[in-house]
Structure formats: C-alpha cells, structure tokens
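To keep things clear, I will list the structure first and then write my remarks on it.
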Amino acid sequence: METTLVGFIALYIVMLAAFTGIEIISRVPAILHTPLMSGSNFVHGIVVVGALYALLNAATPAQQVVGFIGVLLGAGNAAGGYVVTKRMLAMFKASR
Amino acid sequence: MNPKLIIDATDFAAALLFILGLKRMSSPVTARSGIVVAGWGVLVATLASFLEAFGVSPLAQPHLGLNLTLGIAALLIGVSWAWWSGERVAMTAMPQMVALYNGMGGGAAACIAAVELASPEASLPSRVAIALVGALIGAASLSGSLTAWAKLDGKINKTLYLPGQQAINGLVLAATVVLGVLVVSNGGGTGLVAAFFVGALVYGVLTTLPIGGADMPVVVSLYNAFTGLAVGIEGYVLQKPVLVIAGVVVGAAGTLLTLVMARAMNRSVANVLFSRFGATTSAGTSTVQGTMKPAEASDAAVNMRYAGKVLIIPGYGLAVAQAQYKLYEFVKLLQAAGVEVKFAVHPVAGRMPGHMDVLLAEAGVPYDMMHELEEINEEFENTDVALVIGANDVVNPAARTDKTSPIYGMPILNADHARQVYVIKRGQGKGYSGVENELFFADNCNMVYGDAQAVLVKFIAAVKELGQ
C-alpha cells in the first residue's frame, strides 16, 4: 500500500480539519442544527469510497462478504443522508 | 492518464466540495445549495474509486471481476434502499432516520477495519492498533445508533436499566480493549478479531439502552461525531486523505454540536450518557403551591385573537401529535387578525438538535419567525400570551430558582414572564425530568387539556367563528 499520510503530515491534516469543522459549525444558527447534523452525516458517507477500496482489494471470501456489507452500509449512509438533508432544507423558506 | 492521479485529484476535489458545502449550510439562504455541492463531492469520488481496479494488490487480482460486481451491486442496493426510505420518511420520524443512516456509516468504517485486519499487509502493529480504535468507535456507533433508532421509533419503549449497569458497561468496554490488545500483540487471529467486534457492538447497545427520550438530541449528535471520527481513523489506515479530512471535520463539528446540546440542558455529556436523569439527583424538595387551572379551548383562542403579541413554545408533544400544520393554520388566522406571532424554540426541544425548527418549516412556517432562546427570551416581558404546546421542562421556572431541582441551571424560555400563559397538555403528568412544573400552577397560567391536534382544531374553529 502506498503511504501518503506519514507521521506528522497526518497530524497536521487532522489538526487543520478539526479547526475547520469547529469553525463551520460555530456560526450555524440553531434553526439549522438538524440539517447541519444531517448534512455532516451525509459527508461522512464518503466512507463508501474507503469501503469500495477495501472490497476491490479483497482476496478471501470473508473479506469479500465484509467488504460487500461495508459498501452497502456506506452507500446507505451517503444516499440516505443526502435525500433527507435535501428534503429538510427545501422546507426552510423566508416569509414573503 | 494515470488512474491513481485521477483518484487523487477527485479525492482532493471532494474534500474541497465538502468544506464549501458545509460552509454554505450555515445560513438558511445558501443551505440548499450547500448539500448539492457536498453531494457532487461524494458522487465524483465514488465513481473515481472504481479506478482503484487498475491497482489492486496481486492477491486480489484473480477476484477482481467478482469484487467489481459485488461493489456495483452493493452500491445499487444501498443507494436505492436509502433513497427510497429517505424520500418517504415523515418529518416527525426524522430523528430515528438520521440515527439509522449515521449508524450505517459507523458500520461501514468498522467493515473497512475488519477487511484490513484480515489482510497480510496490515501486519504493522501500530496500523493494526489504529484500525482497531476506529473499529471500536465505528462498531459502537453502529449498534448504539441502531438502539437509538429502535427507541426513537418505538420499537423499544422501555428504558432498560440493570442494577450495576455502569459496572457492566465498564467491564464490557475493558474486555473489548483487552481483546484489541491481544489482537495487536498476536498479529491478528480471526477468533480474537470477531470477539473484539462483538464486544464493541454489545458496548454500543448497553450504553444507549438506558438513555431516555429527551436526552436523544445529545446522543444522536454524539454518535454522528463518533462515526465521523471512525471514518477519519479508517481513512488514515487506508491512506486516504479525503476520508481523514471529511471524518475529522464531521467529528469536530459533531463534538461541538454535542457540547452545545449538553450545555442547553446544563449537563455534561458524561452525565447524559452515564447517569439516568432524575435517578441520581433528588427530585427537588420545594413543594408547589396552588392548583392547575383548566381553561376552555375557545376562551384561550379568543384571548389570543385579541392579543397584541403571542409567543409560541413548541415541544416534543407537538411532534407526537403531528400538529404542526394545524398550528401554522391557527397562527395564520392570528396574523390575519393583526396579532404579532413568533416561535420561541428551545435548543433541546424534541429528539434531535433543531427538531422543532424542521417540523415548523415542514408546515410552512418561514424561518424568520423561528427564534432562538437567547434572542427571544427578553421579549416575554411584553408578550400578552405565551402558548406552550407539548413542552414542559424547558419552561419550568424551577431551573432559575430551585437549587435542589435536577434541572437547576438549565437555560429555560421565560414563558412565566408573559402576561398570560396557556399550556396545551394531554394530562397532569410531570415532564421528562420527573419534576413538577411551577409554571403550571402559576396565577397567570391556564391549562388546555387535550391532544395538541384536537385542541388546535378547536382554536381554529373558535377564531373563525369570530370572523375577521
């Protein structure tokens, strides 16, 4: 496996990403807490990409089964998170 | 072109789109485009990940055809099921649906760890240890979220609490960690790995079972943060920066939201997770003076019709009664009669962060009528009528005054400061905290007993009878 995230590089990424996450949410008004939670729930649906990687590199039946379940769950996370977030946001309207 | 380069480029684009998308979600004006922006990120990265087929490990090479078929099948099944269920879920059932999708993400992270642990390349002890940490968090998030889903959905309606629950939970966690250490030191072992996953799953269930409904905003948000963290950790194991960035951004944002929710209840996250509310604290010593005074629905409605300003405080009872449409119909009648109406929303009202705002938005209430606790609380002083619908603890003045009350210190909506308070409530029962609500006994408060939907129908009829 190729290694790109070596030692401190990974730590720097984690640190900056954590600050980004805190910055993003600290300005969200309370009325958008549900869509934001659900939207971030969708974003971690990117896990499906990792699950696909694991499945494509599966070499034993056990790995294939677990990898299949992983992709299934990850795809459900991503698609479900997207649909419900979009539906909720579509309802938020300003008064005319 | 080099497939690896395309994958890296789309991963980078996805990370960028996630941050831009989430940023747009911080305002109701831009939020709708935000989810679409983030959506493109996941779509592009998922499609590009099929290019991994050009660089699979030699051991997996003979299985590539089958693996690709399995991958496409899993994607199609997962996406179509989730799309179908997401389109038809009622807004009132949204907390459990968000919990369910979130748990699936945690499960996916745990699956990645399991596949990696079974591959000979993962022999480096530090990498095995990191994969196990992610697996523990992901698996506990899966089973914990599923338990939360079952509780919110009414599939489990008992709050199960065993004697010595915390000791049992601690033992399960300790045993799981020991199994993890054994996996690292033995360099794998299918039996040990399986036992480790069982331990993590059981721990998630045991931790979530005793947590009551009104604490769910904290729990749902916490598991969302956990899944993010698990995804970030497995991203490191797979050497996929986009997973690390997405996972950590969500983990940090989710942690902050969890803390905001806990603060809105004046409790620590640990207190929410590890102690039953009301069980470890005294239920308050002060005795409430006076009696609850009932009011006819029609009288209450007429009073509001001739009021100058009405503030409405929605609670979980509104969601249970599915009364948000009737409520807005009533509000529009009041507005047509020249009454100023605003909604005062407590941060932890309902079963997930912002639950009430979503329900009101569903009924068509414009978001500029919904106000947060801090910005509206002063206004109760010059409000004619405060209408409390299915809320209880969030308007209990004991939180301000009674140091012995379990909810002391919790920020509340100052409904009692309004000239007149009406409370729509099914019966005389206590709130989630098990405390009597002084507000209900106050001189300026009257109770309108009944299901919120039925009461609002009466309100609407009473106002319509008066004409404009």
Estimated Rh, the range B:211-359: Kirkwood, alpha-carbon pairs, angstrom: 18.7
In degrees, nearest ten, helix B:241-264 long axis to first principal axis of chain B (Cα): 30
Extension gain (nm, one decimal) between B:Lys430 and B:Leu16, 0.36 nm per residue minus Cα-Cα: 144.2 nm
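Enter the mean projected area of the convex hull around the alpha-carbon atoms of chain A, in nm², rounded to one decimal.
Taking a quarter of the hull surface, the average projection is 8.3 nm².
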Bins of 10 Å, starting at 0 and running to the largest distance - Cα pair percent for the range B:28-152: 11, 28, 38, 18, 5, 0
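Taking 30 Å as R0, compute the FRET efficiency from the Cβ-Cβ separation of B:Ala461 and B:Lys293 and round it to 0.05.
The formula returns an efficiency of 0.85 here.
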Other protein chain Cβ atoms within 10 Å, averaged over every residue that makes up B:213-225: 2
Area of B:Asp299 that stays accessible when all protein chains are in place (1.4 Å probe, Å², to 10): 90
Rg/Rh ratio calculated on Cα atoms of the range B:69-113 (Kirkwood radius): 1.04
Between 0 and 90°, nearest 10: helix A:61-91 axis offset from chain A longest Cα axis: 10
FRET efficiency, B:Thr401 to B:Val29 (Cβ-Cβ, R0 51 Å, nearest 0.05): 0.80
Violating pairs (Cα-Cα greater than 26 angstrom) within the set B:Lys293/B:Lys430; B:Lys151/B:Lys342; A:Lys93/B:Lys326; B:Lys342/B:Lys403: B:Lys151/B:Lys342; B:Lys342/B:Lys403
B:Trp83 accessible area, assembled protein chains, probe 1.4 Å, Å²: 110
Exposure rank, largest accessible area first [B:Arg400, A:Arg27, B:Arg426, A:Arg87; 1.4 Å]: B:Arg426, A:Arg27, B:Arg400, A:Arg87
Square roots of five times the Cα gyration tensor eigenvalues for the range B:124-171, Å: 29, 16, 4
Reachable aspartates and glutamates, given that their alpha-carbon falls under 14 Å from the alpha-carbon of B:Lys309 and they are not under 8 places away in the same chain: B:Glu340, B:Glu378, B:Glu379, B:Glu381, B:Asp384
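Any idea of the accessible area per residue across the protein assembly as shown, 1.4 Å probe, to the nearest Å²?
Here the per-residue accessible area is 39 Å².
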Chain B, relative contact order in percent, only Cα pairs under 8 angstrom and at least six apart counted: 13
Exposure of B:Trp84 as accessible area (Å², to 10), given a probe of 1.4 Å and all protein chains: 150
For the protein assembly as shown, the spread of Cα positions along each principal axis, largest first, Å: 80, 52, 37
Residues of type aspartates and glutamates that B:Lys240 reaches as a straight line, Cα spacing below 17 Å, ignoring anything fewer than 8 places off in the same chain: A:Glu2, B:Asp8, B:Asp11, B:Glu52, B:Glu116, B:Glu121
Threshold 20 Å², the range B:5-23 residues less accessible with all protein chains present than alone (1.4 Å probe): B:Phe18, B:Ile19, B:Leu22, B:Lys23
Within the accessible area of chain B (1.4 Å probe), percent carbon and sulfur: 64
Rounded to 10°, Cα long-axis angle of helix B:190-208 versus longest principal axis of chain B: 10
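Show me the three semi-axes of the equivalent ellipsoid for the range B:355-406, from the C-alpha gyration tensor (sqrt of 5 times each eigenvalue), largest first, rounded to whole Å.
With the √(5λ) rule applied to the range B:355-406, the semi-axes are 25, 15, 10 Å.
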B:Gln335-B:Val302 FRET efficiency (beta carbon distance; Förster radius 22 Å; 0.05 resolution): 0.85
B versus A: buried accessible surface, summed, Å² (probe 1.4 Å, to nearest 100): 8300
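How big is D for chain B, in µm² s⁻¹ as a whole number, if Stokes-Einstein is applied with the Kirkwood radius of its Cα pairs at 25 °C and 0.890 mPa s?
Numbers: Rh = 24.6 Å.
The estimated diffusion coefficient comes to 100 µm²/s.
The values are calculated or read from the model by the stated rules, or taken from the named source; none is laboratory data. Keep in mind that what you see is a predicted model, and the values were worked out from it rather than measured. In this analysis, Cβ positions are derived from the backbone assuming ideal geometry, glycine residues included, and neighbour counts consider all displayed protein chains. All accessible areas refer to the heavy atoms of the entire protein, side chains included, with ligands and DNA or RNA removed. Shrake-Rupley method; radii C 1.70, N 1.55, O 1.52, S 1.80 Å.
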